[in-house]
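A.B. asks: The structure under discussion is supplied below as structure tokens; questions concerning it will follow.
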């Protein structure tokens, strides 16, 4: 399960909102993964994994009222995963902190 909303940064945002009298509502949506368990040095990275992470990030950005990130090679159908795909995912996660 993705734990990005448990960061200290998100806690500060929520606390600040509460201090200003703003009600905060967080919605959690279940997300089905192609491979629910990934094993280091064993599970091969698939385009489906990157696509699922992109989808989850886009949903998180939208839920936070942010403009979703754009990604190189918008469709990974019949493509191999490239380093730029992983770099962009990492950057998008860091940008939400």
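A.B. asks: Taking the number of other C-beta atoms within 10 Å as the exposure measure, put 18, 85 in order starting with the fewest.
C.D. replies: Values: 18 11, 85 21.
If I rank by nearby Cβ atoms, fewest first, I get 18, 85.
A.B. asks: Is it possible to state the helix-based mean residue ellipticity at 222 nm for the chain, with each DSSP H run of 4+ residues giving -39500 (n - 2.57), the sum divided by total residues, to the nearest 500 deg cm²/dmol? What is it? Can you show the working numbers first?
C.D. replies: Numbers: 3 runs with 42 residues, N = 97.
It comes out at -14000 deg cm²/dmol, rounded to the nearest 500.
A.B. asks: Please rank 71, 31, fewest neighbouring Cβ atoms within 10 Å first, as an exposure proxy.
C.D. replies: Numbers: 71 19, 31 12.
Going from least to most buried by this count: 31, 71.
A.B. asks: Express the C-alpha Rg of the chain as a ratio against the empirical globular expectation 2.2 N^0.38 Å, rounded to two decimals. Display every interim value, and only then the final one.
C.D. replies: Values: Rg = 15.5 Å, N = 97, 2.2 N^0.38 = 12.5 Å.
Compared with the compact-globule rule of thumb, the chain sits at 1.24.
A.B. asks: Expressed as a rounded percentage, what relative contact order does the chain have, with Cα pairs under 8 Å and six or more residues apart? Walk me through the intermediate numbers first.
C.D. replies: On the way: 49 pairs, mean separation 28.3, N = 97.
Answer for the chain is 29 percent.
A.B. asks: Give me 16, 42 ranked fewest to most by other Cβ atoms within 10 Å of their Cβ, as a rough exposure proxy.
C.D. replies: Details: 16 11, 42 6.
Lowest to highest Cβ neighbour count: 42, 16.
Bear in mind that the values in this text are calculations on the coordinates, not laboratory data. Note that the coordinates shown come from a computational prediction; the quantities given were computed from them, not determined experimentally. Cβ atoms come from the backbone with ideal geometry, glycine included; neighbour counts cover every protein chain shown.
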